[in-house]
Structures are given as structure tokens and as C-alpha cells.
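Structure first, then comments.
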Amino acid sequence: MSVRLTIAGLNDLLRTTFLTGRVVMTEGVRALPAHVREEIITKVRAFDDFTEGNDPHGERDFGAFDQEGAGRVFWKIDYYDPSLTMGSRDPADPRATARVLTIMLAEEY
């Protein structure tokens, strides 16, 4: 399996299950009504609209969509070393990588 496919699979696992990493929401998302937050979480977990424009490296680490009551929403997966102090040396190695999924309003980017 290629490194890119391995990374994409690890990212899909985090995004669809919220397991194997950390999930954080920005203050703007946290301030939304609970039902809007739940809709956003559902859309992030089900996201599959990957294109050359939003996924040029094939890692499935970014997505964007419109949400009624919130506007444009982004989600992004970043790769850190296990101590979360610097970037991961090998995002394809889950032992060497702490994945962080951030969900934010586009206006907060």
C-alpha cells in the first residue's frame, strides 16, 4: 500500500469515528446551538466530497461545506509528533503521529 493511501486511511478512520486522535472545535463552532453542532459533526463524519481542489495530495485531510445556521465550515487534520510539540516525522506511522482534527467556521480561518 502506498504511503498516501495509508495516510488517507488513517485520516478517514479519525474523521469517521473520532477515534485514534483528537477532535477539537473552535470557539465559533462551540458557540452554535447544539442541534447545529450535531449537524456539523454528522457532516464531517460522512464527508466524502474529495476532489483535486480540496485534496490535491490524496490524504483526505481537509473538507468544506455549507451549514444552515453556521455558514461555511472547514475541517482539517494535522499531523504532530506524539508530544504535540512539532510536526510528525512520519504521518503514515500511527505510533509516531498524533492526529488532530479541527472543526472551524471558515470565518475563523
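The values are calculated or read from the model by the stated rules, or taken from the named source; none is laboratory data. The structure displayed is predicted, hence computed values, not measured ones. Positions of Cβ are backbone-derived with ideal geometry, glycine not excepted, and every protein chain shown enters the neighbour counts. For the accessible areas, the whole protein counts, side chains as well, though only heavy atoms, and no ligand, DNA or RNA atoms are used. Shrake-Rupley method; radii C 1.70, N 1.55, O 1.52, S 1.80 Å.
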Exercise. Within the range 27-40, work out how many residues are surrounded by 16 or more Cβ atoms within 10 Å (Cβ to Cβ) and either in a loop (DSSP other than H, G, I, E, B) or under 13 Å from the mean Cα position of the chain (by Cα) (or both).
Key: 2
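Can you name every residue in the range 63-76 that is among the aromatic types (Phe, Trp, Tyr) and closer than 15 Å to Val24 by Cβ?
Pass one, the range 63-76, residues among the aromatic types (Phe, Trp, Tyr): 65, 74-75.
Result: Phe74, Trp75.
Would you please name the residue that is most open to solvent (accessible area, probe 1.4 Å), looking only at residues in the range 57-83 that are assigned to a loop (DSSP other than H, G, I, E, B) and within 22 Å of Thr16 (Cβ to Cβ)? Lay out the reasoning, then the answer.
Pass one, the range 57-83, residues assigned to a loop (DSSP other than H, G, I, E, B): 57-61, 68-70, 81-83.
Next, only the ones that are within 22 Å of Thr16 (Cβ to Cβ) stay: 57-61, 70.
Numbers: His57: 126, Gly58: 23, Glu59: 40, Arg60: 69, Asp61: 25, Ala70: 20 Å².
My answer is His57.
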Quiz item: What about Gly69, is it of a type outside the set (S, T, N, Q) and on the phi > 0 side of the Ramachandran plot?
Solution: yes
Exercise. With respect to Ala96, determine if the residue is closer than 14 Å to Leu14 by Cα, assigned to a loop (DSSP other than H, G, I, E, B) and open to solvent by less than 50 Å² (accessible area, probe 1.4 Å).
Key: no
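Residue-wise test of (1) among the aliphatic types (A, V, I, L, M); (2) under 20 Å from Val100 (Cβ atoms).
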site: Met1; (1), (2): yes, no
site: Leu19; (1), (2): yes, yes
site: Met25; (1), (2): yes, yes
site: Val44; (1), (2): yes, yes
site: Pro56; (1), (2): no, no
site: Lys76; (1), (2): no, yes
Exercise. Only residues that are closer than 21 Å to Asp49 by Cα and of a type in the set (Phe, Trp, Tyr): list them for the range 75-109, please.
Key: Trp75, Tyr109
Quiz item: Does at least one position in the range 8-26 carry a residue that is open to solvent by less than 40 Å² (accessible area, probe 1.4 Å), under 17 Å from Tyr109 (Cβ atoms) and in a loop (DSSP other than H, G, I, E, B)?
Solution: yes
